[in-house]
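One structure is given here, and the rest of the page talks about it.
The values are calculated or read from the model by the stated rules, or taken from the named source; none is laboratory data. Just so we're clear, the structure is a prediction, and the values are computed from it rather than from any experiment. Note that we place each Cβ from the backbone using ideal geometry, even for glycine, and neighbour counts take in every protein chain shown.
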Amino acid sequence: MSRGAGTPDFFYREAQRLGYVARSAFKLLQIQKQHKLITSGSSVLDLGCAPGAWLQVACQSLGPLQNGGAVVGIDIKKVKVPSMHCDARVQTVCADVMNLPMEQVRALSPQKKGFSVILSDMCPLVSGITSRDAALSSELGMRALNLAVGRAVLAAHSENNVPVEVESDSSSCGVLRPGGHLIIKLLESEYIKEFREMCHPLFRVSGDVLLIIIPTAEIAAHD
């Protein structure tokens with residue numbers, strides 16, 4: 001039986017043919033086609049960047065080298081910048097995002113002014129225990145959100161409005177620039193609805209701000 005377009009095997013073969021290191025590239029390509037989040041001169045932070053497919057698409061989306069821009073990937077594994085579709089604007093850092101101080105992340109951005117686009121493709125090591133895996137995925141998503149907007153904003157928009165001690169320095173501020181875009185991948189679970197509801201007031205204030213939460217079920221064929 002032949003495997004047609006849209007099947008995992010098809011996307012795997014297409015990724016190889018086009019020089020992408022993983023078929024997950026097609027999901028970001030699809031998002032780019034629909035929303036054009038990454039543009040000439042954008043500064044992009046890719047959390048959980050292994051194996052590098054989203055680094056490739058992000059760099060491609062910046063346009064020619066002379067257009068400027070930057071792509072920074074962070075992963076707990078050491079990730080080599082792919083040779084295809086990437087150039088000198090791409091760098092990777094081996095670090096645990098869960099323990100990386102906000103200011104160290106900000107220092108990786110151009111002029112230390114933060115990023116215009118943050119991508120989170122972080123995924124826990126799947127144990128097969130659905131509830132545990134979903135909780136870990138949600139925790140990673142929360143970390144991405146925390147890095148993006150900062151503890152001060154999260155505290156102000158918390159469901160119960162519980163006061164949170166916030167430091168006076170910039171470490172409590174997020175690394176996503178005003179008007180920036182955030183993409184988070186989460187495992188399919190009951191947490192997604194709650195996550196969307198929590199994020200909605202943070203990312204629908206302005207028309208040029210976009211949050212996309214991708215349930216894993218929607219991208220299973222592209223991993």
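Within the group Gly207, Gly179, which residue is closer than 20 Å to Ile38 by Cβ and either touching a Lys or Arg at 6+ places or on another chain (Cβ under 6 Å) or at pLDDT 70 or above (or both)?
Gly179
Picking from Val105, Val117, which residue would you name as being in contact (Cβ under 8 Å) with a residue 60 or more places away in the chain, β-branched (Val, Ile, Thr) and either more than 30 Å from Leu18 (Cβ to Cβ) or surrounded by fewer than 19 Cβ atoms within 10 Å (Cβ to Cβ) (or both)? Let's see the steps before the verdict.
Working: Val117 fails: either more than 30 Å from Leu18 (Cβ to Cβ) or surrounded by fewer than 19 Cβ atoms within 10 Å (Cβ to Cβ) (or both).
Result of the check over Val105, Val117: Val105.
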Condition first: at pLDDT below 90, closer than 30 Å to Ala50 by Cβ, of a type in the set (Lys, Arg) and surrounded by 14 or more Cβ atoms within 10 Å (Cβ to Cβ). Can you find one or more residues in region 146-168 that meet it? yes
Please determine whether any residue of region 86-99 is in contact with a helix residue (DSSP H, G or I) (Cβ under 9 Å, 6 or more places away or on another chain), of a type in the set (Asp, Glu), outside any helix (DSSP H, G or I) and modelled with pLDDT of 95 or more. yes
Which numbered condition in (1) assigned to a loop (DSSP other than H, G, I, E, B); (2) modelled with pLDDT of 95 or more; (3) of a type in the set (A, V, I, L, M, F, W, C); (4) under 23 Å from Val175 (Cβ atoms) is the only one that Val71 fails? (1)
Please indicate, with yes or no, whether at least one residue in region 29-41 is at pLDDT 95 or above and of a type in the set (S, T, N, Q). yes
